[in-house]
Structures are given as structure tokens and as C-alpha cells.
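Worksheet: one structure, shown below.
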Amino acid sequence: MRWVLRSKIHQATVTESRLDYIGSITLDSELIRKAGFWPGEKVLVVSNTTGTRLETYVMVGPKNSGMICMNGAAAHLIKKDEEIIVMGFELGNKPLKPKNVLVDKKNKFKRYL
């Protein structure tokens, strides 16, 4: 069994960071649906801006809002306006074809990669 990439949101822009919030990443619910994430799912978040990497869990934000908000301690590491990748993995015994979602600068779906 191996951990393999199942889905990701690529080139997203952090729209908010809230230190005074329970830890997590809040994502636009439409992006969650298109990527195939689940609310509460553990994800790896990587900043293309700084190279920071962290694990957190998904919280649902308003549909078609473009919201990507780093919450709690994660807001110390990844800040507003940074470009990020959000990745979900699955433990399996065969390769997967991941859902790779590319977004524009306002976090609107552009296409699958």
C-alpha cells in the first residue's frame, strides 16, 4: 500500500488569514466539490510563495466565493495573498488518476489539469 495523490487545487491564492480561529483551511465549497475533498479531510498545504508546508483539515466556505482562508496557527505560516497548492492523498494498492483543479487569481475554476 502507498500514499498517492488523489486531488489538488493548484495555484490558489489565500484570500484571508485568521489567527483567532480554530485551526483549519476554509475552502470555497465549489472548489471542494470539484477537487473531491471532504469536509474535515486532512490536507497538505504548500505555499509556492515561501515554500512552507503544513497539514490541516478542510472546512467549508461559501459556494463560488473564491474563499481560501488559513485559520488558527496555520495563519502564522501561510498568509493572505500567498499562492498555494492544497493536496489530498489516499492510501491504496494501485495508481490513481488525481483530480487536479487549476484556478485563476480569484480562485475560480479554470480547468482540470
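A few notes on this one:
- Longest site-free stretch - the chain; sites: trypsin sites (Lys or Arg not before Pro), DSSP loop, at most 13 other Cβ within 10 Å: 1-62
- Here the 3J(HN,Hα) profile of region 96-107, calculated from phi with Karplus coefficients 6.51, -1.76 and 1.60 at θ = phi - 60°, is 10, 9, x, 8, 9, 9, 9, 10, 8, 5, 9, 6 Hz, Gly and Pro shown as x.
- For the pair region 1-59 / region 69-98, the C-alpha centres are spaced 4 Å from each other.
- A value for Cα extents along the principal axes in Å was derived from the coordinates, and within the list (i) 40, 27, 25; (ii) 84, 30, 21; (iii) 44, 27, 23 it appears as (i).
- Straightening the chain between LYS110 and VAL60 buys 16.0 nm, computed as 0.36 nm per residue apart minus the Cα-Cα spacing.
- Proximal charge balance of THR50 [Cβ under 12 Å; K/R count +1, D/E count -1]: -1
- Among beta bridges that DSSP assigns inside the chain, antiparallel share in %, nearest 5: 70
- For GLU41, distant residues with modelled amide H under 5 Å away: VAL58
- Proximal lysines to LYS97, defined as alpha-carbon separation beneath 29 angstrom and excluding residues fewer than eight positions away on the same chain: LYS8, LYS34, LYS42, LYS63, LYS105, LYS106, LYS108, LYS110
- Solvent-accessible surface (1.4 angstrom probe) belonging to MET87, in square angstrom, nearest 10: 30
- With both labels modelled 7 Å from their Cα along Cα-to-Cβ, the LEU44 to ALA73 distance reads 1.9 nm.
- Residues whose amide H falls under 5 Å from that of ILE68, counting only those 5 or more places apart or on a different chain, are THR15, GLU16, with hydrogens built in the peptide plane.
- In order through region 70-75: 3J(HN,Hα) via Karplus (6.51 cos²θ - 1.76 cosθ + 1.60), integer Hz, x for Gly, Pro: 7, 10, x, 4, 4, 5
- Mean residue ellipticity (222 nm) of the chain, computed from DSSP H runs ≥ 4 via -39,500 (n - 2.57), nearest 500: -2000 deg cm²/dmol
The values are calculated or read from the model by the stated rules, or taken from the named source; none is laboratory data. Predicted model, so just to flag it, every value in this text is computed and none were measured. Positions of Cβ are generated from backbone atoms using ideal geometry, with glycine treated the same way; all protein chains shown enter the neighbour counts. Note: areas computed on protein heavy atoms with side chains; ligands, DNA, RNA excluded. Shrake-Rupley method; radii C 1.70, N 1.55, O 1.52, S 1.80 Å.
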